[in-house]
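The next block holds one structure in the form of structure tokens; read it before the comments.
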Amino acid sequence: MSAQQALPATHRALVQRDYGKPLVVEDIPTPQPVPGSAVLRVEAAAVVSYQKLAYNGTWPNRYLTPIVPGSWAIGRVAAVGPDAVSLQSGALVLFSNFIHARDDPSIAFLSGFADFAQPGSRKLMSGEWRESTYGQYAKVPLENCFPLDEARLCGSPDSGGLGYKIEQLMWAGLALVGYGGLRSIEVKAGETVVIAPATGGFSGAAAVVAVAMGARVIAMGRNKDTMKYLEGLSPRIHTVPMTGNEEEEMKELARFGCIDAFLDLSPAAATESAHLKSAIKSLRAGGRVSLMGGLLGDSVFPYRSVVHKSLTVKGQWMYSPEDARDMIKMIENGILSLNHVSVAGKFSLEQWEQAFEVAAGMKFNDVTVLSG
Ligand SMILES: NC(=O)c1ccc[n+]([C@@H]2O[C@H](COP(=O)([O-])OP(=O)(O)OC[C@H]3O[C@@H](n4cnc5c(N)ncnc54)[C@H](OP(=O)(O)O)[C@@H]3O)[C@@H](O)[C@H]2O)c1
């Protein structure tokens, strides 16, 4: 194993001392590797559209302070715990911020973001994994580090590389969510899948991933410009406008014939949207539904369609480690291209407010990153 880097005694990180209060850049002790962990030099940490809401006290998902906030990230391994057997110092990795309890896989939280107020996840997020990726260094679980073939991904096309910027690799974290949902309902090549809405960060990425998996996609949405852009990405992406009228939407969906599956990635604001009913009612008998959205309240379901068409309705939170490894292979093998991914902004830790604002208004398939 290659030599560990010497870690500095302190590093700069964003800290939130009190829930809902502004983040502050501080010099804090650099995390040290313990068994089962790696310390990453954070190259680019993701900022999602609702990052600002997560920390300003208005978000329903809570956590205990103080924390170093954060999200998923691309990092370079700076040091590993004594039980690491394959992760090498210097390796570029995708850090997945979906951390599970090792002694109970049913318990999980999102690093630097939310503990969902469950006792086990609260213990982990306020204890061993309190400091996330909005700093120069972050200590993370070994099993949440997915190695990336840097030479292939970032190398020059002249020498067989794909020529991606490290920031573009961040998009993998957005795409993984939809991939987890699509795999959970076994979407196959040749099938037709409705993705609705399909014009958001996670949902737009899901449309691109579904095409790479070999599916035909019907992307539903309200934003005409983004829908046109989506159609331009692949001849297998078709669009149907979300009009709010169930019958109108079903008539449009019927133009595509047999529909095998539906992935819902609604934000809370879309709780009353007609697409949940129109998409489910348009599925073929035996069709499958993956629910991944952020609806906060209860939703009314087309009960008779679910029963009479023997539909499978499956909830899905995030993705499995196997999904992460397989999707990275798709990217490294050129099956899932990142050429469409543009970097909306790369911000320093001090510029966190600007980063959150830019991310809130990100265009489809943009990524916004923070790095210390
Ligand atoms: N299950 C999981 O593991 C998981 C993981 C990550 C995220 N999520 C959830 O996924 C949700 C979507 O994430 P995202 O990144 O795609 O969100 P986003 O970037 O904020 O985009 C929101 C999308 O919803 C549409 N929308 C907003 N209000 C609407 C309304 N009233 N009716 C119909 N459509 C509406 C927007 O369309 P317009 O362009 O027309 O406004 C846009 O397409 C989040 O709320 C999050 O909770 C779930």
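For the range 323-347, enumerate the residues that are part of a strand (DSSP E or B) and touching a Ser or Thr at 6+ places or on another chain (Cβ under 9 Å).
Selection gives 343, 344, 345, 346, 347.
Rundown of residues vs (1) crowded, with 17+ Cβ neighbours inside 10 Å; (2) modelled with pLDDT under 95, yes/no style:
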{"position": "265", "(1), (2)": "yes, no"}
{"position": "281", "(1), (2)": "yes, no"}
{"position": "293", "(1), (2)": "yes, no"}
{"position": "299", "(1), (2)": "no, yes"}
{"position": "311", "(1), (2)": "yes, no"}
{"position": "337", "(1), (2)": "no, no"}
{"position": "349", "(1), (2)": "yes, no"}
{"position": "360", "(1), (2)": "no, yes"}
{"position": "372", "(1), (2)": "yes, yes"}
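Quick check on residue 88: is it open to solvent by less than 30 Å² (accessible area, probe 1.4 Å), among the polar types (S, T, N, Q) and touching a residue at least 60 places away in the same chain (Cβ under 8 Å)?
No, not satisfied.
For the range 267-275, state whether one or more residues are away from the ligand (no atom under 12 Å from the Cβ) and either within 21 Å of residue 362 (Cα to Cα) or buried (at least 20 other Cβ atoms within 10 Å of the Cβ) (or both).
No - not one qualifying residue is present in the range 267-275.
Answer yes or no: is there a residue in the range 203-215 that is in contact with a helix residue (DSSP H, G or I) (Cβ under 8 Å, 6 or more places away or on another chain), farther than 19 Å from residue 183 by Cβ and crowded, with 24+ Cβ neighbours inside 10 Å.
Among the residues of the range 203-215, not one is in contact with a helix residue (DSSP H, G or I) (Cβ under 8 Å, 6 or more places away or on another chain), farther than 19 Å from residue 183 by Cβ and crowded, with 24+ Cβ neighbours inside 10 Å, which makes the answer no.
Just checking, how many residues over the range 295-322 are farther than 27 Å from residue 145 by Cβ and in a loop (DSSP other than H, G, I, E, B)?
Counting residues in the range 295-322 that are farther than 27 Å from residue 145 by Cβ and in a loop (DSSP other than H, G, I, E, B) gives 11.
Does residue 32 satisfy being open to solvent by less than 10 Å² (accessible area, probe 1.4 Å) and at negative phi?
no
So, residue 251, is that one assigned to a helix (DSSP H, G or I), more than 16 Å from the ligand (Cβ to nearest atom) and of a type outside the set (Ser, Thr, Tyr) or not?
yes
Could you tell me whether the range 36-51 includes any residue that is of a type in the set (Phe, Trp, Tyr), outside any loop (DSSP other than H, G, I, E, B), in contact (Cβ under 8 Å) with a residue 12 or more places away in the chain and within 21 Å of residue 267 (Cβ to Cβ)?
no
So residue 222 fits all but one of (1) within 13 Å of the ligand (Cβ to nearest atom); (2) open to solvent by 30 Å² or more (accessible area, probe 1.4 Å); (3) closer than 23 Å to residue 318 by Cβ; what number is the exception?
Looking at each condition in turn, residue 222 falls short on (3).
Taking interchain pairs and intrachain pairs at least six residues apart, which have beta carbon atoms under 7 angstrom, with the first residue in the range 160-187 and under 24 Å from residue 75 (Cβ atoms) and the second open to solvent by 30 Å² or more (accessible area, probe 1.4 Å) and of a type in the set (Val, Ile, Thr)?
165/343; 167/343; 168/343
Based on this model, can you work out whether residue 289 counts as at pLDDT 95 or above, touching a helix residue (DSSP H, G or I) at 6+ places or on another chain (Cβ under 9 Å), in the same structural domain as residue 248 (by TED's automatic domain parsing) and within 16 Å of the ligand (Cβ to nearest atom)?
yes
The values are calculated or read from the model by the stated rules, or taken from the named source; none is laboratory data. For clarity, every value in this text was computed on a predicted model and none was experimentally measured. Glycine gets a Cβ as well: all are built from the backbone with ideal geometry, and neighbour counts include every protein chain shown. All accessible areas refer to the heavy atoms of the entire protein, side chains included, with ligands and DNA or RNA removed. Shrake-Rupley method; radii C 1.70, N 1.55, O 1.52, S 1.80 Å.
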